[in-house]
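One structure is given here, and the rest of the page talks about it.
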Ligand SMILES: [Fe+2]
């Protein structure tokens with residue numbers, strides 16, 4: 001599958017990021033008192049009501065919270081109404097055998113690399129380390145990144161991975177960061193074509209620039225974590241998603257959208273996740 005640019009806005013690729021849905025087998029499964037299926041469905045409904053003509057969906061990990069086939073089925077059925085191809089990669093909570101058997105469909109694809117229109121490419125990395133919350137890129141994943149950046153030097157690049165490659169400033173979350181971020185950045189620095197690095201995992205809106213590239217994190221479709229808090233803390237912001245518009249000159253516009261304020265409030269007395 002090759003994502004082609006929107007015909008109304010020449011050479012601009014529009015993408016939608018939905019991340020950290022944390023779905024369960026049970027329809028009423030909840031995380032910190034938020035029913036993740038309900039908040040996910042509310043986000044999909046809100047996206048449908050919006051007029052953002054995206055060409056593809058990016059699901060950047062933690063699709064499931066309980067490792068069940070049913071939770072992945074729930075995701076696949078949930079995004080059907082959006083009628084656009086969905087690219088996924090695993091987060092620390094995901095179970096790759098189930099993702100690989102349940103998720104692939106005409107709509108949901110797993111690829112490591114995709115050309116986007118005439119000017120961009122995206123590289124999807126697997127940063128999961130089985131059984132632990134932190135991330136790490138294998139030598140093979142670093143090689144994939146290096147190879148594709150070298151193979152298409154003229155293409156602006158969007159890199160996707162679940163874990164944050166730059167600390168967010170919250171000690172409890174930053175202990176679960178990408179542990180080999182130094183090696184990742186060494187590869188990025190060997191090239192000049194990485195424009196943006198998009199992740200999930202931290203359940204908050206972040207946009208920082210590092211070594212010439214934007215490092216962007218996006219709210220979860222369920223609970224939100226409070227920025228700049230050393231101890232575990234929930235945020236009162238509503239579930240959200242992200243829009244991206246990639247322009248032919250390598251610039252891009254992006255914005256976070258959220259559900260109406262006050263919806264899907266978590267249990268603020270929780271002291272862990
Ligand atoms: Fe995560």
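The values are calculated or read from the model by the stated rules, or taken from the named source; none is laboratory data. Note that the coordinates shown come from a computational prediction; the quantities given were computed from them, not determined experimentally. With ideal geometry, Cβ positions are generated from the backbone for all residues, glycine too; neighbour counts draw on all protein chains shown.
Numbers below:
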quantity: Search result, residues across segment 147-166 that are within 30 Å of residue 22 (Cβ to Cβ), more than 15 Å from the ligand (Cβ to nearest atom) and in a loop (DSSP other than H, G, I, E, B); calculated: 166
quantity: Residue in segment 65-78 that is more than 21 Å from residue 26 (Cα to Cα) and outside any strand (DSSP E or B) present; calculated: no
quantity: Residue 196 being in contact (Cβ under 8 Å) with a residue 24 or more places away in the chain and over 16 Å from the mean Cα position of the chain (by Cα); calculated: no
quantity: Matching residues in segment 20-45 - criterion: being over 17 Å from the mean Cα position of the chain (by Cα), at pLDDT 95 or above and within 16 Å of the ligand (Cβ to nearest atom); calculated: 24
quantity: Positions within segment 89-101 being more than 15 Å from residue 220 (Cβ to Cβ) and either in contact with a strand residue (DSSP E or B) (Cβ under 9 Å, 6 or more places away or on another chain) or within 16 Å of the ligand (Cβ to nearest atom) (or both), in sequence order; calculated: 89, 90, 95, 96, 98, 99
quantity: Segment 66-76, subset away from the ligand (no atom under 16 Å from the Cβ) and surrounded by fewer than 21 Cβ atoms within 10 Å (Cβ to Cβ), residue nearest to residue 197 (Cα to Cα); calculated: 76
quantity: Members of segment 192-208 that are buried (at least 16 other Cβ atoms within 10 Å of the Cβ) and either touching a helix residue (DSSP H, G or I) at 6+ places or on another chain (Cβ under 7 Å) or more than 23 Å from residue 59 (Cα to Cα) (or both); calculated: 193, 194, 202
quantity: Answer from 185, 172 - the residue that is over 19 Å from residue 59 (Cα atoms) and within 16 Å of the ligand (Cβ to nearest atom); calculated: 172
quantity: Filter result for the condition that a residue is modelled with pLDDT of 95 or more and within 15 Å of the ligand (Cβ to nearest atom), over 79, 63; calculated: 63
quantity: Qualifying residue in segment 216-237 (condition: at pLDDT 95 or above, over 25 Å from residue 43 (Cα atoms) and touching a helix residue (DSSP H, G or I) at 6+ places or on another chain (Cβ under 9 Å)); calculated: no
quantity: Within segment 31-55, tally of residues that are surrounded by fewer than 20 Cβ atoms within 10 Å (Cβ to Cβ) and in a strand (DSSP E or B); calculated: 1
quantity: Residue in segment 100-131 that is modelled with the lowest pLDDT, counting only those that are within 14 Å of residue 85 (Cβ to Cβ) and part of a strand (DSSP E or B); calculated: 109
quantity: Selection within segment 149-181 - in contact with a strand residue (DSSP E or B) (Cβ under 8 Å, 6 or more places away or on another chain), surrounded by fewer than 20 Cβ atoms within 10 Å (Cβ to Cβ) and under 27 Å from residue 245 (Cβ atoms); calculated: 152
